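A short worksheet on the structure shown next.
Bear in mind these aren't lab numbers, they're just calculated from the coordinates by the rules spelled out. The model shown is predicted, which means the values in this text are computed figures rather than measured ones. For neighbour counting, all protein chains shown are included, and Cβ atoms are generated from backbone atoms with ideal geometry for every residue, glycine included.
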Amino acid sequence: MAEQVVEHFEDMEKQAHAARLGMWIFLASEVLFFSGLFALYTTYRTEHPHGFGVAVEHNTLAWGSINTGVLLVSSYTVALGVHELRRGRQRTSALLVGVTIFLGACFLGIKTGEYLKHFGEGIYPGGVGDFYREHGEPGTKMFFTLYYCMTGLHAVHVFAGMCVLGFLLWKIVRREIGEWAPHPLAIGAVYWHLVDVIWIFLWPLFYLIPGGSVR
Amino acid sequence: MTTIDVGVIPIPHGRGGVRRETYLNIAHTVKSWALTTDHKRIGILYLVTTIMTLGLGGAFALILRTEHLTPQMTFLDAYTYNRMFTMHGIVMVWLFMIPSIPTAFGNFVLPIMLGAKDVAFPRLNLLSYYIYLAGVVWVLVALWMGGCDTGWTFYTPYSAHSPSAVVPTVLGIFILGWSTIITGVNFIVTTHTMRVKGMGWFRMPLFVWNLYAVSIIQVLATPVLAISLAIVGLDHWFDWGLFDPARGGDPVLYQHLFWFYSHPAVYIMILPAMGVIAEVVCTFSHKNPSSYKAIAYSALGIAFVGFLTWGHHMFVAGMSQFDAAAFGVLSMLVAIFSAIKVFTWVLTMRKGSVVLRTPLVYFFAFLFLFVFGGMTGVAVATESLDIHWHDTYFIVAHFHFIMVGGTLTGWLAGLHYWFPKMTGRMYNERWGITGATLVFAGFFLTFFPQFLLGNAGMPRRYYYYNPVYQPLHVVSTVGSWLLGAAMLMTLGYLLVALFAGPRASANPWDSRSYEWYTPSPPPKHNFTKEPVFALDPYDYTVPFPGVGDEADGSLARDPGGAANG
Amino acid sequence: MTSFEHDVSARSLFFTWLALMLLAGLSLALRFAHIGAFSFPVALGIAFVKALLVALVFMELAFEKPTVRFALLAGVTLLSVMLSLMVADVLTRTIPPLEDPPGTAQRYHG
Amino acid sequence: MNNLLRGWLNLPPQASTYARSLDLLHYFVIASTMVGATFVFLLALYFLTRYHRQRPYELTSRVKTGVPIEFAIIGGLQVLFLVFWVIGATQYQHVMNAPPGAMQVYVTAKQWMWKFSYPDGSASMDVLTVPLGKPIKLVMTSRDVIHSFYVPAFRAKHDVVPGRYYTIWFTANTPGLFNIECAEYCGVDHSRMLGLVQVLSDEDYRRWLDGRPVATEEGLAGASARGGGDLAERGREVASRRGCFNCHTLDGQPHVGPSWAGLYMSSVRLTDGRTVVADEAYLTRSMMDPQADVVAGYKGVMPTYRGALEEPEVAALVEFIKTLQNTPFAPSMQLPKVVPETQGQPQEPKP
């Protein structure tokens, strides 16, 4: 029952601030969680600029770009959802959050399609597959293993974000949160935006920057 | 010395036989413990669990030391030996030392020190405990599957191919990491939002500052460990080879990621102990710290610069010479923060009113071991000297001086310091001082010879060793037995005190820190009414104002003879 | 309408989103412009601006207390510390990695 | 003075040119830090007695330490630490960068042995022979996991990483035998991954070049550093000296010849279809007359050692192989499949 002030807090404002601060600190933790992989990407790309460039050019640019659009729209809808909830328009808010979850599902669907396409081409994680017979440049294996690791981890986060939003949607529908206490949705939305931000960086790294660019 | 039993209340159960309600006697069912969201009970749960893991890790240590009585096989084979030193490290680092002080003592006293009823997220706190327990279970599963033999550092590519239970072990540590992160988030938010009205940042007890700094490290460093161990798990399980040179991978990068976590992790282990020590030295010197701000800021300083020095674990691992020089100078700059802390503690005693009690004996043990261990740390951070010392027993001795000598004695100091507050009982002071002395002696005897072994060139993680090293090994082993016996003795008299010790007053040490403003043991919501902290937590210029609620029969200044000199 | 939450207007949300889409489009267009060595900093620079927009407006960081901003700042600072020192290692190593290390080559290449 | 401090600190002999200067820094750092630590601890003890509590509930007045004093202490320490760093970093640069013209020896580490390949194309296992007073540059790589090449007497150490070549150098200044140890944990027999550096004077070195091996029996026998020194240990030495490990492994992996791990008393299928039990007689016969029983799947490329091995050496070898009876295999460690060659050493790839 999130609309009530838990007894050890003085008031709702303090409780909301605590929850919000907690989420942001957790997000800092998430940034560092991904940073290990970003660091590996950067160092390996520094070591094998050519192989990484070849692999980027081979990647499915169209699908990755569509996914970028999907996530940007979903970020917008969930931000609008928070706005509507604060204005007391729960029905609209619920609809917008529902759309956000649907867009998340679209993202995952497209991602799965991409993975299947890669499997069909003989690109598997761990440098296994026929693709590497033709593209033996040092770095291509590392690129695609990192690609699977980072986008896979991101997909897990998308799924987690969908679960969080689903839970909040349920709460909106049951009128447990509303304009009197909109902060749970606002905090859930912040998590969703982080997922978007991470993709904003994954997109250029894996789809946009062609060969021979580092060093 | 007039009496050795300090702070004892003559009448049991408060006045006139009225049974005072405490967090302990409010309910007795298993469920009331297993599903509690009371930070004090969660602290006790953590305390009991970490004592068990300490016992497990300690048993491993004793077996390992005993094996080294002879240069050849004594009673273990090399396979078992390798698995055992790995599990010793893993159990001690992740199951005991990292959670020990923050989760047990931190959980217990942090909200009380802030005058709060609980931490910011009590349910998350309980969840964190169960995640920790799940991690412990996974590590035990790994143990049951024969253990892991990579060393606690999981260096690739060995860990990617080791024919042992690598995956359950890294999974266990991965899970433990989330427990650590959740606790860290909880503590940071608690410190920010739960302070009682009117308490500014610079009126918080120093332990809170240290916990706050630790929580920052926990939140920011642990995820890096999580991701690097996840990659090790993938490399081991699916042979993805992200660090495999045959696929363009670079094993040295794993070491970068691992030490990016594990160097700050050293501070995760030592900073809470420093916090305990700051409390102990102020209380038993009966004086304000020589510089409150120096202790507070140096905690934050350590939290930040601890992230900049990981490379000094890799001077001979194949890092570039540029990075070696950079990490070398950064390490030298970091050492200064610990030095500031040490000087502040020591100068706190100056012009104080120092009384030797068990926690203060542990403070002296801590001071000795931490200062000497820390100074050898500066020595090994000297690049050219590290060439000879790297991966030898010198390193083993150095980090045991810091980790056992620092964290374990800090933990024991805290255990004895807050024992009356947590249990409402007093332990026997004479046993306490004897135990502390024996722990120190056993410890010194165990690890001092290892410095000499390392100087002589004995590499770590060696099952067979050169017979010329045997005398030093024997001394070290005998020392470890003494240490083990002293720890068992400590456990024994504390258990006796728990059930049969005399009742403790609210403030047996005549401290000014805020956790002593509430009765011992505290009531369910920490204070019987909204707390008013009239004094600075280290204001020893005026007498203690008392608990305020006389009805609970535990005035601070009971005439039974508290804090006598 | 609660008093304790800052609300971002629908108008600024929309314009932020529009800016994000335009920046994404620009980034995509530059992919085909073949700007060579500039593509890495330019693409990441655009990504950084986009992330900043999302953080400031969508995540309402612009209206948060300094503590909250500090949390993110700490994370990003450490990320850059890690990246710079690790990349510095790789860039300043004097001995290049072998393309086909002896002994491991046959194991994977069949 | 140097020797006195070296003895106190339990340091090994200074057998390389830079060992002495590293040790001097060692003395300086240890002495200054220990003096500082002792001072701090004694100061604490002094405060304990000087300001001991006189009566219960004694109050104290507020004392703040002067900021200038704090900064003076901190600044002084910082300067000292930076001096450590400047000297240490300079020495580190010296140790890590070989002088031009150094003699190159390639070092290949694998579980759990060292292989040294010399410029003239010859190779040896576990024993590195170098001339006195000449700079030696080691170019090191690993075939499986990370090892670390460590000679305590030279104060020389560097990790040996698969997929990379790392170099380290030294100039030996004392003839004799010095221990090589693996310092990075590398598996079950990590503590047995030992070796020896044999430093020969010019004259001895020339003799060694002419007719190898010349490592004197007394010299090797005197190297009790190899732990134990029993018959089986001697067998290991013999095996490494006679080059057995060029073809036979100790971890169960087939190489040019069958592995010795678990060989003793196992049933061996031969090329002609017979199955024999690998007892002492079989082992001895295989050394003396290798073509008599060629194991299925291998080529009969092993030369006879009749007359080459002394009787005690054969006994030691057999004893050594017997101790390997229960050595578990390292299942996932794959050595490369080396095509058996009919003559000479397996070629070592050069960078």
>> Please rank B:VAL355, B:VAL30, D:VAL35, D:VAL294, fewest neighbouring Cβ atoms within 10 Å first, as an exposure proxy.
In response: B:VAL30, D:VAL35, D:VAL294, B:VAL355
> Counting only residues 5 or more places away or on other chains, whose amide H sits under 5 Å from the amide H of D:THR129 once H atoms are built in the peptide plane?
Replying inline: D:GLN198
> Given N residues in segment A:145-204, what is Rg(Cα) / (2.2 N^0.38 Å)?
Replying inline: 1.35
> For segment D:20-123, what mean projected area does the convex hull of the alpha carbons give, in nm²?
Replying inline: 13.6
> Given N residues in chain D, what is Rg(Cα) / (2.2 N^0.38 Å)?
Replying inline: 1.33
> To the nearest 500 deg cm²/dmol, what mean residue ellipticity at 222 nm is calculated for chain D from DSSP H runs of n ≥ 4 alone, each contributing -39,500 (n - 2.57), summed and divided by the residues?
Replying inline: -11000 deg cm²/dmol
>> Quick check: residue separation of B:LEU488 and B:GLU21 times 0.36 nm, minus the Cα distance between them. What number comes out in nm?
In response: 164.9 nm
> How big is the Cα convex hull of segment B:299-411 in projection, averaged over all directions, in nm²?
Replying inline: 7.6
> Percent of alpha carbon pairs in segment B:402-559 separated by more than 26 Å?
Replying inline: 46
> Packing-wise, with mean Cβ within 10 Å as the measure, how do D:89-100, A:113-124, B:454-465 rank, highest first?
Replying inline: B:454-465, D:89-100, A:113-124
> Over the C-alpha atoms of segment A:8-55, what are the Rg and the largest Cα-to-Cα span, Dmax, in Å?
Replying inline: 19.4, 59
>> How large is the translational diffusion coefficient of chain B in µm² per second when you combine the Kirkwood radius over alpha carbon pairs with Stokes-Einstein at 10 °C and 1.306 mPa s?
In response: 66
> Rounded to two decimals, what ratio of Rg to Rh does segment B:466-518 give with C-alpha atoms and a Kirkwood Rh?
Replying inline: 1.34
>> Can you say what percent of the DSSP beta bridges in the protein assembly as shown, counting only those with both residues inside, are antiparallel? Round to 5.
In response: 70
> Rg and Dmax of segment D:99-225 over Cα atoms: what are they, in angstrom?
Replying inline: 13.8, 40
> What length, rounded to one decimal in nm, is gained on full extension from D:LEU24 through to D:TRP208, with 0.36 nm per residue of separation minus their alpha-carbon distance?
Replying inline: 62.8 nm
> Which residues' amide hydrogens lie under 5 Å from the amide hydrogen of A:HIS135, considering only partners 5 or more residues apart or on another chain, with H built in the peptide plane?
Replying inline: none
> Can you list the residues, at least 5 places off or on another chain, whose amide H is less than 5 Å from the amide H of B:ARG425, using H built in the peptide plane?
Replying inline: B:ALA504
> Along its principal axes, what span do the Cα atoms of the protein assembly as shown show, with the longest given first and each in whole Å?
Replying inline: 99, 80, 58
> Mind listing the Cα extents of segment D:225-287 along all three principal axes, in Å, largest one first?
Replying inline: 44, 22, 18
>> For segment D:1-63, compute the orientation-averaged projected area of the C-alpha convex hull (one quarter of its surface), in nm².
In response: 6.9
> Excluding same-chain residues fewer than 8 positions from D:LYS322, which lysines have a Cα within less than 29 Å of its Cα?
Replying inline: D:LYS110, D:LYS115, D:LYS299, D:LYS337
>> Ignoring solvent entirely, what values of log10 I(q)/I(0) come out of the Debye formula for chain A at 0.12, 0.18 Å⁻¹ when each Cα is a single scatterer?
In response: -0.69, -1.18
> Quick one: if you take sqrt(5λ) for each eigenvalue of the C-alpha gyration tensor of segment A:113-215, what semi-axes come out, biggest first, whole angstrom?
Replying inline: 39, 15, 8
> How much FRET efficiency would the formula 1/(1 + (r/R0)^6) give for B:VAL474 and B:LEU495, where r is the Cβ-Cβ distance and R0 is 35 Å, rounded to 0.05?
Replying inline: 0.65
> Which whole number gives the average count of other chain Cβ atoms within 10 Å of the Cβ atoms across peptide B:145-155?
Replying inline: 2
>> Taking θ = phi - 60°, what integer Hz values does the Karplus form 6.51 cos²θ - 1.76 cosθ + 1.60 yield along segment B:373-388, in sequence order, with x for Gly and Pro?
In response: x, x, 5, 5, x, 4, 4, 6, 7, 6, 3, 6, 6, 5, 4, 6
>> Show me, for segment C:18-24, the HN-Hα J-couplings you get by feeding each phi into the Karplus relation (A = 6.51, B = -1.76, C = 1.60, θ = phi - 60°), rounded to Hz, glycine and proline as x.
In response: 4, 4, 4, 5, 5, 5, 4
> Which whole number gives the average count of other chain Cβ atoms within 10 Å of the Cβ atoms across peptide A:62-71?
Replying inline: 2
> Going down the list B:LYS40/B:LYS117; D:LYS137/D:LYS157; A:LYS141/D:LYS137, which pairs span over 22 Å between their C-alpha atoms?
Replying inline: A:LYS141/D:LYS137
> If you wrap a convex hull around the C-alpha atoms of segment C:1-63 and split its volume per residue, what is the figure in Å³?
Replying inline: 60
> Name the residues of segment B:227-262 whose amide N is less than 19 Å from a point 7 angstrom out from the Cα of B:VAL141 along the C-beta direction?
Replying inline: B:227, B:229-239
> So what is Rg over Rh here for segment D:228-336, counting just Cα atoms and using Kirkwood for Rh?
Replying inline: 0.94
>> Among B:422-428, A:176-182, how do they line up by average Cβ neighbours within 10 Å per residue, starting with the highest?
In response: B:422-428, A:176-182
